[in-house]
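J.: Let me begin by handing over the structure; questions about it come next.
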Amino acid sequence: MKALLSRCEAVALVFIVTLYFNASYQLTGLEVCSLCGGTVQNNTYVDNFCSSSAGRLDKRCCLANDNSSDPERIIGLDLSSCSLTQVEDLPGASTVVVIDLSLNPITNISNEVFQGFLDLNFLILPEDIACPGGNASWQQIEVKQGNQLCKDQKNMCNQTGQMSMNCPENSLCGPYGPGSFECRCDENYHGYKCLRQAEFPVLKVFGPLAASTVVISFLLWITQRRKAKSL
């Protein structure tokens, strides 16, 4: 009976830990919506896009999901008039389609900020800030009403085929945001420069790690429980 209870307690502990990490991840992902105060203003680029996409406004973000079982993701981000002097990271916003960074005293933005932003198709910047990746990364670039508009992100792997030449053998070029690309190993290849053949040993690599994490968590829970009882 005690063994059965111990197993049930272990399962419950793993379930609680999983929920905790999932909740922490979701909270961290939405922190970008609170980088500055206020909410998305009416009739702005993000507001109009959100309305046309049946999204939901939350602080400085537009959130949407494909169905009720999927978590909401950020599809619009309005950080205009936030007094931002630099933008180094936009955590949790890699699914965004529209970003507004206008009316900020930004001096420079690195291309690395938007790495992984595969769906980004409309970026509004201060007039003197160049679109990430330059003309080769966007179908259209124009200055309008004091803003730099970067429209329709290009696939960097389709630029006359030259980008693919930078990828090693047994790999393919894949888009990785405006001005960026990544080399993805072909099927059955993995490791440094995709030189190792056969499937990646997921179970062997992550199995012991997951098991040790569960064991350590369980031992910590038991220890804290005994301390609580002694009090």
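All of the numbers you see were taken from the coordinates with simple rules; none came from a lab. Remember, predicted model here, so these are calculated numbers, not experimental data. Counting neighbours? That spans all protein chains shown, and the Cβs are built from the backbone with ideal geometry, glycine included.
J.: Tally Lys and Arg at +1 and Asp and Glu at -1 over the other residues with C-beta under 10 Å from the C-beta of Glu112: what net charge comes out?
T.: Around Glu112, the charge tally is -2.
J.: Moving to a separate point now. Lys and Arg at +1, Asp and Glu at -1: add these up for the other residues within a Cβ distance under 14 Å of Asp66 and post the number.
T.: Every neighbour counted, the sum reads -1.
J.: Please compute the net charge surrounding Asp78, taking Lys and Arg as +1 and Asp and Glu as -1 over other residues with Cβ under 10 Å from its Cβ.
T.: Numbers: positive: Lys59, Arg60; negative: Asp47, Asp100.
Its environment carries a net charge of 0.
J.: Calculate, for Asn188 and Ala211, the FRET efficiency according to 1/(1 + (r/R0)^6) with r their C-beta to C-beta distance and R0 30 Å; round to the nearest 0.05.
T.: It comes to 0.65.
J.: Within the stretch 167-183, find all residues whose amide N lies under 15 Å from a label point positioned 7 Å from the Cα of Gln197 along Cα-to-beta-carbon.
T.: The answer is 169-171.
J.: Here's a follow-up. Counting other C-beta atoms within 10 Å, and keeping those with at most 13, which DSSP coil GluC sites (Glu not before Pro) do you find in the stretch 44-120? Spell out each step's value before the answer.
T.: Details: sites: Glu72, Glu88, Glu112; in loops: Glu72, Glu88.
Those satisfying the criteria are Glu88.
J.: If I take R0 = 22 Å and measure r between the Cβ atoms of Thr107 and Thr39 in this structure, what FRET efficiency does the formula 1/(1 + (r/R0)^6) give, to the nearest 0.05?
T.: Plugging the Cβ-Cβ distance into 1/(1 + (r/R0)^6) gives 0.25.
J.: If you don't mind, another one. Given a Förster radius of 30 Å and the C-beta distance between Gln140 and Asn166 as r, what FRET efficiency does 1/(1 + (r/R0)^6) yield to the nearest 0.05? Intermediate values should be presented prior to the final figure.
T.: Working: r = 26 Å, r/R0 = 0.86.
Here the calculated transfer efficiency is 0.70.
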